[in-house]
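Visitor: Quick one: this structure, given as structure tokens, is what I'll be asking you about.
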Amino acid sequence: MHRSGSRPQLDLSKAAIQGNFEVKDPTILLPNQSDDISHLALDIGGSLIKLVYFSRHEDQSIDDKRKKTIKERLGISNGNRRSYPILGGRLHFVKFETTKISECLDFIHSKQLHRGGGGAYKFADLFKERLGVSLDKEDEMDCLVAGANFLLKAIRHEAFTHMEGQKEFVQIDTNDLFPYLLVNIGSGVSMIKVDGDGKFERVSGTNVGGGTYWGLGRLLTKCKSFDELLELSQRGDNGTIDMLVGDIYGGMDYSKIGLSASTIASSFGKTISDKKELADYRPEDISLSLLRMISYNIGQISYLNALRFGLKRIFFGGFFIRGHAYTMDTISFAVQFWSKGEAQAMFLRHEGFLGALGAFMSYEKHGLDDLMVHQLVERFPMGAPYTGGRIHGPPLGDLNEKASEARVCLLLLEMPLPLSNTVYIANYLN
Ligand SMILES: Nc1ncnc2c1ncn2[C@@H]1O[C@H](COP(=O)(O)OP(=O)(O)O)[C@@H](O)[C@H]1O
Ligand SMILES: CC(C)(COP(=O)(O)O)[C@@H](O)C(=O)NCCC(=O)O
């Protein structure tokens, strides 16, 4: 999908790349520009680069009746404010492996996004040379929290539970959002107690995270990509690798301490046998055992930190999760088991883009305060308006999603520009 081109290949495997950035936009974006206008922000992590960019365009598809309804919902009636022309706009979410930053640059260049933004601190010179843009660094934790708060407050079908294969979207009361624990499972794991907008404390973390699964999984299974590793796990049987309680107690539960025979007593405990070598085990089983070990461990540590601060809600983000059912079920099981049902694990649809979205939202600091998020209304992609309560929301990301495939989130944005107040609304999917 991306031009390999003759550009010099960058060896970035050694680059310790961290951070969330929003580009200083050198061009003045006028509201009446007819073509797409993009603001771009990036989160370049240890494993993945996440891009969020905003494009807007004239939107003829919204009829006057719907425009009137939307303005009323936003408290923008012609009576008390100047009339707003309605234009279209979308947020786009794209990711690349960090080692393939050249592809990312090609993508930005091919989309001409750098005319509206884009960049990464560690590659300041590269972005200057290839795209002619300067960059502004944002703090990673600030961006993670800003991105999570933005999504949880503004997008109705963002958070969901996932237990025993059942996914259910939950409606968040924005007046009762705080405090919560945000667990971002990226290359490593950060656990952040969030008390409000810009009010948070990183209370813990663990170095056993997404990079651990991907790194150990690659070494042990020879998988060439994360998706391959994750797909392998779906065909695995961890009982050939993990030592179960029943393996120790003759197939029986250890009821006295509440352990069933099927509970894992020791992850990878069966591979201590000197009668078998790595090649004697199925890569599928190894991948599943590794996924379960890491997911369960993160779920347990997250619960213990929620317990420390009396937090009942734990939101999990980061691209390790990838909307993968087994990963979410395992994390949910660990939280439910250790909290005895007191705490609840929830997941986010835009899980891996929290940092990039937070960087994107920091545009006020960079002279782009003409783009103000007033209210975001996400139209249920199947066309049915959100009616509240528990619903099965839009399908989650597909595991086969290409590294660079954009996921589009339809948003309603207000952009009170000096020259003409404009409400931007995405053209709804029918
Ligand atoms: N296509 C992918 N390529 C590489 N890692 C992926 C991919 N999809 C999911 N992952 C997982 O996501 C982790 C990176 O998550 P992310 O939130 O981007 O953190 P970071 O900011 O450290 O890159 C990887 O370590 C891996 O476990
Ligand atoms: C250093 C990091 C915040 C970087 O974030 P990431 O790129 O992994 O998403 C994260 O890897 C982390 O919190 N690691 C765990 C450090 C610890 O043991 O607390």
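Visitor: Under 7 Å between Cβ atoms, at least 6 apart or on separate chains: pull out the pairs that start in segment 168-185 with a residue that is acidic (D, E) and end on any residue that is surrounded by 13 or more Cβ atoms within 10 Å (Cβ to Cβ).
Guide: Taking only residues 6 or more apart or on different chains, the pairs are E168/F160; E168/T161.
Visitor: Continuing with the same structure: Would you pick out the residues in segment 273-283 that are aliphatic (A, V, I, L, M) and either surrounded by 12 or more Cβ atoms within 10 Å (Cβ to Cβ) or in contact (Cβ under 8 Å) with a residue 40 or more places away in the chain (or both)?
Guide: Across segment 273-283, the qualifying residue is only L278.
Yes/no matrix, rows are residues, columns are (1) hydroxyl-bearing (S, T, Y); (2) touching a helix residue (DSSP H, G or I) at 6+ places or on another chain (Cβ under 7 Å):
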{"position": "K128", "(1), (2)": "no, no"}
{"position": "E138", "(1), (2)": "no, yes"}
{"position": "M141", "(1), (2)": "no, no"}
{"position": "G147", "(1), (2)": "no, yes"}
{"position": "M163", "(1), (2)": "no, yes"}
{"position": "D173", "(1), (2)": "no, no"}
{"position": "L177", "(1), (2)": "no, yes"}
{"position": "S187", "(1), (2)": "yes, yes"}
{"position": "R202", "(1), (2)": "no, yes"}
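Visitor: Could you tell me which of the residues G352, G358 is crowded, with 23+ Cβ neighbours inside 10 Å and within 15 Å of V189 (Cα to Cα)?
Guide: Just one listed residue meets the conditions, G352.
Visitor: Now for a separate question. I'm trying to understand the selection: among the residues of segment 317-328, which are among the small types (G, A, S) and open to solvent by 10 Å² or more (accessible area, probe 1.4 Å)?
Guide: Answer for segment 317-328, where residues must be among the small types (G, A, S) and open to solvent by 10 Å² or more (accessible area, probe 1.4 Å): G323, A325.
Visitor: While we're on this one: Looking at I331, I314, I286, I294, can you tell me which residue is out of contact with any Leu (no Cβ under 9 Å at 6 or more places or on another chain), β-branched (V, I, T), closer than 30 Å to F96 by Cα and open to solvent by less than 40 Å² (accessible area, probe 1.4 Å)?
Guide: I331
Visitor: Could you please find all residues in segment 276-312 being of a type in the set (K, R) and modelled with pLDDT of 95 or more?
Guide: Within segment 276-312, K276, R282, R292, R308 meet the criteria.
Visitor: How many of the residues in segment 132-153 are surrounded by 19 or more Cβ atoms within 10 Å (Cβ to Cβ), assigned to a helix (DSSP H, G or I) and more than 16 Å from ligand 1 (Cβ to nearest atom)?
Guide: 3
Visitor: Further question on the same structure: Cβ-Cβ below 6 Å, separation at least six or inter-chain, first residue in segment 313-333 and free of Cβ contacts under 8 Å to residues at least 40 places away in the same chain, second assigned to a helix (DSSP H, G or I) and more than 14 Å from ligand 1 (Cβ to nearest atom): which pairs?
Guide: T330/R292; T330/Y296; I331/G299
Visitor: For segment 189-248, how many residues meet the condition of being among the small types (G, A, S) and touching a His at 6+ places or on another chain (Cβ under 7 Å)?
Guide: 0
The values are calculated or read from the model by the stated rules, or taken from the named source; none is laboratory data. This is a predicted model, so every value here is computed, not measured. In this analysis, Cβ positions are derived from the backbone assuming ideal geometry, glycine residues included, and neighbour counts consider all displayed protein chains. These accessible areas exclude ligands, DNA and RNA; they are computed on the full protein's heavy atoms, side chains included. Shrake-Rupley method; radii C 1.70, N 1.55, O 1.52, S 1.80 Å.
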